[in-house]
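The values are calculated or read from the model by the stated rules, or taken from the named source; none is laboratory data. Quantities reported herein were computed from a predicted structural model and do not represent experimental measurements. Accessible surface areas use protein heavy atoms only, side chains included; no ligands, DNA or RNA. Shrake-Rupley method; radii C 1.70, N 1.55, O 1.52, S 1.80 Å.
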Amino acid sequence: MNKKSRIRQAALVFMLTAAVGTLAGCSSQASADNRQIIRIGHNQSTNHPTHIALLAFEEFIEENLGDKYNVEVFPSELLGSQNEMV
């Protein structure tokens, strides 16, 4: 992989992380048990490292902050295409 490709990948990861962080407040709603729902969608399959990492993130948040947040992961563009999700 060349330097330009690595820079593009790093920029994409940064932008996705920033988007998730920014949109988490927008997509969060108080549910019946007063937990905020954080919905994270992506376009990868369920056996892709991105999905596996997001499941680990979900587990970590719900173990440590489960009384405040409920994380929901949606693979394979279930919430729409990447353009629609952004």
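When only alpha-carbon atoms are used, what values of Rg and Dmax, in angstrom, describe region 31-73?
Cα-based Rg and Dmax for region 31-73 come out at 11.2, 32 Å.
Report the accessible area of Ser45, computed with a 1.4 Å probe over the heavy atoms of all protein chains in place, in Å² rounded to the nearest 10.
Accessible area of Ser45: about 50 Å².
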